[in-house]
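K.L.:
Got a structure for you, written out below as structure tokens; questions coming shortly.
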Amino acid sequence: MDTDVSLKRLFKACGRDFVWLTGDQEATVLSVDVLELQEIRRSVDCLIRLHRSGEFYYRHIEFQAKNDPRMPERCFRYNTMLLLELKAPVLTTVLYLAPPAPPGRELVYRVMLGGAEVNAWRFSVVRLWEIDAGEALASKAAGLMALVPLMKFEIRDSKLGRCARKRDAPEH
């Protein structure tokens, strides 16, 4: 039995009455509608499929060159779409390439109602300039080598350390 059509007709005719079921009787109903969601096509920067402790999951890495106040919303959108498409947990990390970045170790997309948080999605943050270049070099991970110039240099007595000090020195 297809109930969707009948219930949508009922809702369009008497949608205001449904607030009694949802506990929203004190709210003012501004409109009622049946809304068809539009499919959104997006491309994410990086997606890694992983396996740990008997579970499959994905790590989504989003590269970001500068602080964007809408980044939590973008991450929420990407994360939700990936989760629904892949049907597996998706952990999102924003990799900031250069300062400034938002404060804290995570971005949070919050849904607020009446001053109270009703939902929150958290996304981890990595600041590349806080990662030790020496440790990245020691890892011998070829993919990290291109990012080393953006990292923190703790190497004091090497050519790399001298180059880093020159790079970070104020111009005259």
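K.L.:
Of all residues in the stretch 8-39, which are of a type in the set (A, V, I, L, M, F, W, C) and out of contact with any helix residue (DSSP H, G or I) (no Cβ under 7 Å at 6 or more places or on another chain)? Walk me through how you get there before you give the answer.
P.N.:
Residues of the stretch 8-39 that are of a type in the set (A, V, I, L, M, F, W, C), as a first pass: 10-11, 13-14, 18-21, 27, 29-30, 32, 34-35, 37.
Selection gives Leu10, Ala13, Cys14, Val19, Trp20, Leu21, Leu30, Leu35, Leu37.
For (1) modelled with pLDDT of 90 or more; (2) surrounded by fewer than 19 Cβ atoms within 10 Å (Cβ to Cβ); (3) touching a helix residue (DSSP H, G or I) at 6+ places or on another chain (Cβ under 8 Å), each residue gets a yes or a no:
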| site | (1), (2), (3) |
| --- | --- |
| Tyr57 | yes, yes, no |
| Asn79 | yes, no, no |
| Leu84 | yes, yes, no |
| Gly104 | no, yes, no |
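K.L.:
Same structure, new question: State all residues of the stretch 120-147 that are within 13 Å of Pro72 (Cα to Cα) and either basic (Lys, Arg) or surrounded by fewer than 11 Cβ atoms within 10 Å (Cβ to Cβ) (or both); if no residue qualifies, say none.
P.N.:
Within the stretch 120-147, Arg122 is the sole residue that qualifies.
The values are calculated or read from the model by the stated rules, or taken from the named source; none is laboratory data. Nothing here was measured: the structure is a model prediction, and the numbers come from that model. When we count neighbours, we look across all protein chains shown, and the Cβ atoms used for this are built from the backbone with ideal geometry, even at glycine.
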